[in-house]
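Visitor: To start, I am sharing the structure in question, which I have written as structure tokens.
Laboratory data are not the source of any read-out in this text; all were calculated from the coordinates shown. Just so it is clear, the structure is predicted and the values come from calculations on it, not from any experiment. A quick note on method: Cβ atoms are made from the backbone with ideal geometry, for glycine too, and the neighbour counts reach across all protein chains shown.
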There are 2 protein chains.
Amino acid sequence: MALQSFIEVEPDSHFPIQNLPYGVFKPEPASVARPGVAIGEYVLDLSEISKAGLFNGPILKDSDCFLQPNLNKFLSLGRPAWKEARDMLQKLLSSNEATLRDNANLRQKSLVPMGKVEMLLPMEIGDYTDFFSSMHHAKNCGTIFRGPANAVPANWYVILKSTSKQGIVSVLTLVYYSIFHLQVYRVVPYFRFHLPIAYHGRASSVVISGTDIVRPRGQFAPSGNSPPPFGPSQKLDFELEMAAVVGPGNELGKPIDVNEAADHIFGVMLMNDWSARDIQAWEYVPLGPFLGKSFGTTLSPWIVTLDALEPFACDSPKQDPQPLPYLAEKISKNYDISLEVQIKPAGKEDSCVVTRSNFKYLYWTLTQQLAHHTINGCNLRSGDLLGTGTISGPEPESLGCLLELTWNGQKPLSLDGFTRKFLEDGDEVTFTGFCKGNGYTVGFGTCSGKIVPSTP
Amino acid sequence: MALQSFIEVEPDSHFPIQNLPYGVFKPEPASVARPGVAIGEYVLDLSEISKAGLFNGPILKDSDCFLQPNLNKFLSLGRPAWKEARDMLQKLLSSNEATLRDNANLRQKSLVPMGKVEMLLPMEIGDYTDFFSSMHHAKNCGTIFRGPANAVPANWYVILKSTSKQGIVSVLTLVYYSIFHLQVYRVVPYFRFHLPIAYHGRASSVVISGTDIVRPRGQFAPSGNSPPPFGPSQKLDFELEMAAVVGPGNELGKPIDVNEAADHIFGVMLMNDWSARDIQAWEYVPLGPFLGKSFGTTLSPWIVTLDALEPFACDSPKQDPQPLPYLAEKISKNYDISLEVQIKPAGKEDSCVVTRSNFKYLYWTLTQQLAHHTINGCNLRSGDLLGTGTISGPEPESLGCLLELTWNGQKPLSLDGFTRKFLEDGDEVTFTGFCKGNGYTVGFGTCSGKIVPSTP
């Protein structure tokens, strides 16, 4: 029988004793921020547990890591400290352990109803990186933005490249693929993924779930000789992502081996990488996404640890060709995490499911992303955020953003009494994610944000 | 006659009383970091000046901003505080002011010989953004990386674009430009700059002048069907840049008007945006530069304020077409700052000048960069860094990186007894920059770094 807590946890709760995700919260608006773990409908205040002397293992007993306003110090301590904390907390919260269960005073101080707390970003993010790890997403976006001839960046395939070294062959190739417009699937067998590409995102505009998102303004591609149009984005989109939170990290100039990379990943969160497709399309050559993304990125409040996800580990997709040695890992792991996106338009009572995907569709693993990030010597710091990129699955109903779901607005989605090409003012977008265990659910809670009109 | 200090300052010193750039230093290895300003061969310790009660103006008199280990708090106070500090320090250090001049004890405590101090990064950088503001650099890189047909990103020109809306015309255009290979200058009259594009760089790997740079390893473009080669970069380069340091910044969702942008720029530094061209060329489509840049970025220790640069303000280049209203500023200002790059190979006594450029060649102004950065609502925080991008001038001797100077290694540079296509291990690269005043020099000191071999 599964481990049980003395705190009652509904069977479909995201936060049973098997999960224990970490966050940072304020019990009252005037309180200082402090770390906590979610258990059922409560948040366990780790500053109180720490002050009560209950973190009494060898690593944590003299540490003030739970008396900080963020998790960065705890993250920097590494896997042995994380394991010590998890073991202690699972014991403390279990139904047959009296320490907290029978101490009314400590329960009163340390268990706060989740509905009463204000959740904050759980860590100070030094740098936020966003990968592009879904093959399906990469293929679709490439086709939409660059046309089928250029859908696949050169770093992903070689057969096409080898035929296009001479200018004239290049032109013939272009003609060929222009004729076979939208036949990008023909190119699929030639896809060759060589590296998990990524870009640096904006750390300052990462916000906690529940924060409104102001529709960004910007320039769009002009037609003919007119100046570029300017105004509120007309192609505002969500991107269904998850993000890994970095643990100890590395010194500048010292890469992390792919087989040790898991020790540098504390856990995973839901992330909405809001995107303005019209701004992005006009600005992204040759330096990548910038203002099309930097107006806001929303994180769910809870970091679900790799330890809690371990029972849901699954094989990652077969990688062909074999990755280069620095990316070839002894154990290549994905996680079976069901993901769902809902939209609730202004004035509607109910949300409507827009897409369902799964973390397991990612081509590159979290550990490969992290190893690749440091192979040039780049240093990661505790609390850094590594987004996966949009998690699109293989089916039309599993695509991770409206750009793909509506094929850049060409095929509006029919939802429950409304249609959408892109997001409208007042739309509230909510992500959720969970793993189904035997009699319990390890979940991520929700990651949501509402679109508010541009400020003039 | 120019203002003079009681501290002797050589005529060619970068740090006369007209400059007073801000940095952060440790007087002894075991000291805590503290802010200072450079004056001649000395650093004035602002924590001692603050403790002595000499910042007695209305804004700074009760502030602990100079008792911090970085300048972020001072930066956040904005232009009125910066002016108050500058006025007070210029008076305190002037030859006819007795307060410090005649106080041997305070002089002893607060004036530290520059040769004895350790300089540190002057601010905590939340986010580092790198622009692409030199027309000459953009044109050259475009031609080198994408060939003349695609040299100019679509967001910069419209005439070519208007002829290429149909696939077949696009192909013909490509053929045309393939035939006129390397004739990119023919396209120049059609250039139309519309936005100061940029990407987010890596904040964690920004280091202070004097830090060694480890040659990065990575993947490069494969030939034919072979896997991509992997190893130490063979095309390691410098990029001659300057960077603006953000003052107060803005709230998420509230853009900064271009005509108020100068109040959000504290000052400017020299910056070397080290680049691995082979890694960059393979990875940068479609998300922009990542590992080709993130292994290290070097800053000079001193932030020269906009107030000190004001006497060297000059017109910015004529912008054609007229920028969109949100980028159209009432006063459009560049600065006449002479820039120089030297390389000193391992074992050589002397450095050799590689290029000479000038800040005034930038097409987009600092204030336009900042306004563009926030137009989508993106928030800037105190201490954020805005790189200008490589500052290339119009002449072959004024190009800002080896990629351009050697045309991607095709035309090695002949220097004093050695040649270079790209940087070699042991090369020490030093930037300097200065403005020539009437009888004095407002300078930036140096920004240097030495290449050390890859770690295996």
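Visitor: Taking 45 Å as R0, compute the FRET efficiency from the Cβ-Cβ separation of A:Glu41 and A:Glu260 and round it to 0.05.
Guide: On the way: r = 38 Å, r/R0 = 0.83.
Calculated transfer efficiency: 0.75.
Visitor: Can you sort B:Cys352, A:Cys65 by how many other beta carbons sit within 10 Å, fewest first?
Guide: B:Cys352, A:Cys65
Visitor: Report, in degrees rounded to the nearest 10, the 0 to 90 angle that the Cα long axis of helix A:167-179 makes with the longest principal axis of chain A.
Guide: On a 0 to 90 degree scale, this one is about 80.
Visitor: Still on this structure: Once you sort the root eigenvalues of the Cα gyration tensor of chain B as a ≥ b ≥ c, which label holds: rounded (a/c under 1.5), prolate (a/b larger than b/c) or oblate (the other case)?
Guide: Prolate shape, in that a/c is at least 1.5 and a/b is the bigger ratio.
Visitor: Another question about this same structure. Rounded, prolate or oblate: pick one for segment A:352-456, where a ≥ b ≥ c are the square roots of the eigenvalues of its C-alpha gyration tensor, a/c under 1.5 means rounded, and failing that, prolate if a/b is larger than b/c, else oblate.
Guide: It is prolate, given that a/c is not under 1.5 and a/b is the larger ratio.
Visitor: Name the chain B residue nearest the rotation axis between B and A, going by Cβ position, and give the distance in whole Å.
Guide: B:Gly288, 1
Visitor: As a footprinting exposure proxy, order B:Met119, A:Met135, B:Met271 by other Cβ within 10 Å, with the fewest listed first.
Guide: The order, fewest Cβ neighbours first, is A:Met135, B:Met119, B:Met271.
Visitor: Oh, and also: Taking chain A as the reference, fit the longest principal axis to its C-alpha atoms, fit the long axis of helix A:135-146 to the helix C-alpha atoms, and give the angle between the two in degrees, 0 to 90, nearest 10.
Guide: It is inclined by approximately 40 degrees.
Visitor: Between B:Arg86 and B:Lys436, 0.36 nm times their residue separation minus their Cα-Cα distance comes to what? Could the numbers behind the result be given before it?
Guide: Working: separation 350, 0.36 × 350 = 126.00 nm, distance 2.02 nm.
Between B:Arg86 and B:Lys436, full extension yields an extra 124.0 nm.
Visitor: Something else: In terms of modelled amide H atoms, which long-range or inter-chain residues lie less than 5 Å from the amide H of B:Gly210?
Guide: Amide H neighbours of B:Gly210, under 5 Å, 5+ apart: B:Ser448, B:Gly449.
Visitor: Can you list the distances in nanometres, one decimal and ascending, from the A:Gly439 label point to the identical position in each other copy, with the point 7 Å along Cα to Cβ?
Guide: Label point to label point, same position, other copies: 9.0 nm.
Visitor: Follow-up question, since we're still on this one. How would A:Val258, A:Val245 line up from fewest to most surrounding beta-carbon atoms within 10 angstrom?
Guide: So the residues, fewest neighbours to most, are A:Val258, A:Val245.
Visitor: Quick one: dipole size for the protein assembly as shown, taken about the Cα centre, charges +1 on Lys/Arg Cβ and -1 on Asp/Glu Cβ, in debye to the nearest 20.
Guide: Charge dipole of the protein assembly as shown: 1680 debye, to the nearest 20.
Visitor: Run the reach check for A:Lys109 against aspartates and glutamates, Cα to Cα strictly under 12 Å, same-chain hits fewer than 8 apart removed. What comes back?
Guide: Excluding near neighbours in sequence, the set is A:Asp45, A:Glu48.
Visitor: At a Förster radius of 25 Å, what calculated FRET efficiency corresponds to the Cβ-Cβ distance of B:Ala313 and B:Glu8, to the nearest 0.05?
Guide: The computed FRET efficiency comes out at 0.30.
Visitor: Specify whether the C-alpha gyration tensor of segment B:291-433 places it in the rounded, prolate or oblate class, a ≥ b ≥ c being the square roots of the eigenvalues: rounded for a/c under 1.5, otherwise prolate if a/b is larger than b/c and oblate if not.
Guide: It comes out prolate by the Cα gyration axes.
Visitor: Given the options B:Asn140, A:Thr455, B:Leu106, identify the residue whose Cα lies farthest towards the positive end of the charge dipole of the protein assembly as shown (+1 on Cβ of Lys, Arg; -1 on Cβ of Asp, Glu).
Guide: Of the candidates, B:Asn140 comes out farthest on the positive side.
Visitor: How well do other chains shield peptide A:366-375, expressed as the mean number of their Cβ atoms within 10 Å of each residue Cβ?
Guide: For peptide A:366-375, the averaged partner shielding equals 2.
Visitor: How many nanometers, to one decimal and shortest first, lie between the label point of B:Gly426 and those of its other copies, if labels sit 7 Å from Cα toward Cβ?
Guide: Taking the point 7 Å beyond Cα along Cα→Cβ, the inter-copy spacings are 7.1 nm.
Visitor: Quick one: helix B:79-93 against the long Cα principal axis of chain B, what's the angle to the nearest 10°, folded into 0 to 90?
Guide: Between helix and principal axis, roughly 50 degrees.
Visitor: Just tell me how shielded B:220-228 is by partners: mean number of partner chain Cβ atoms within 10 Å of each residue's Cβ, no decimals.
Guide: Counting other chains' Cβ atoms within 10 Å and averaging over B:220-228 gives 5.
Visitor: Cβ under 9 Å from B:Thr390's Cβ, B:Thr390 left aside: what net charge do those residues give with Lys, Arg +1 and Asp, Glu -1? Before the final figure, lay out the partial values.
Guide: Values: positive: none; negative: B:Glu239, B:Glu241, B:Asp273, B:Glu404.
Around B:Thr390, the charge tally is -4.
Visitor: Also: Just want to confirm a number: the relative contact order over segment A:22-120, from Cα pairs under 8 angstrom separated by 6+ residues, in percent. All intermediate terms of the calculation are to be shown ahead of the outcome.
Guide: Values: 137 pairs, mean separation 37.8, N = 99.
RCO, segment A:22-120: 38 percent.
Visitor: Something else about it: Can you compute log10 of I(q)/I(0) for the protein assembly as shown with the Debye formula, treating each Cα as one identical point scatterer, at q = 0.04, 0.10 Å⁻¹?
Guide: Debye curve over Cα of the protein assembly as shown, log10 I(q)/I(0) at q = 0.04, 0.10 Å⁻¹: -0.19, -1.19.
Visitor: May I pose another question? Averaged across the residues of B:201-211, what count of C-beta atoms belonging to other chains lies within 10 Å of each residue's C-beta?
Guide: Partner Cβ neighbours, averaged per residue: 4.
Visitor: Got the B:Gln322 label distances to the other copies yet, label 7 Å along Cα→Cβ, in nm, shortest first?
Guide: Label-point separations across copies, in nm and ascending: 6.3.
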